[in-house]
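Each reported figure results from applying straightforward, stated rules to the coordinates on display, with no laboratory input. Worth saying up front: this structure is predicted, and the values here are computed from it rather than measured. Positions of Cβ are backbone-derived with ideal geometry, glycine not excepted, and every protein chain shown enters the neighbour counts.
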Amino acid sequence: MRKVADIMTDEVVTVTVRDNIYEVAVKMKENDTGFIPVVEGDKLLGVITDRDLVIRCMAEKRPNSTAVDEIMTRGIKTASRDMSVDEAAELMAEQQIRRLPVTEGDRLIGIVSIGDLAVRNIFSDNAGEALSEISERVH
């Protein structure tokens, strides 16, 4: 059975709580991503998505200097490197998320995305169907 460690991306772009939302948006643009983990050292504190920027910042007319910790999502679910790919896919489907941080303890070591799963076509039929629904869902 394939493990998360086999498919995760381990070069992750991050921000810290000392950064502001403008810096997050620039990193998203430069790295062509809509998901940035927030860390302190290598400890995962939360994440910011492009949707967070729109809903919690732009729609609330916050300034570009707004601190990351004011809008980041905390208490997120994570995977371990030893978790099976099917378990990770099922967790993503259950949580309705497209990206899942991978941690060792509270230390960020990678990210698994729907794309990582889809490209490899390695998840179970049930998890695959649920993940397809996430991709099709309009927020």
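Listed values, structure above:
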{"quantity": "Loop-located trypsin sites (Lys or Arg not before Pro) in the range 35-75 whose Cβ has at most 11 other Cβ within 10 Å (DSSP)", "calculated": "K61, R74"}
{"quantity": "Relative pair counts by distance (%), Cα atoms of the range 4-137, 10 Å bins", "calculated": "13, 42, 33, 11, 1"}
{"quantity": "Mean shadow area of the range 51-120, taken as a quarter of the surface of its Cα convex hull (nm²)", "calculated": "5.8"}
{"quantity": "The range 4-57, Cα convex hull volume normalised per residue, Å³", "calculated": "94"}
{"quantity": "Table column - 3J(HN,Hα) (Hz), the range 5-15, Karplus curve with 6.51, -1.76, 1.60, x for Gly and Pro", "calculated": "4, 6, 10, 5, 8, 9, 9, 10, 7, 10, 10"}
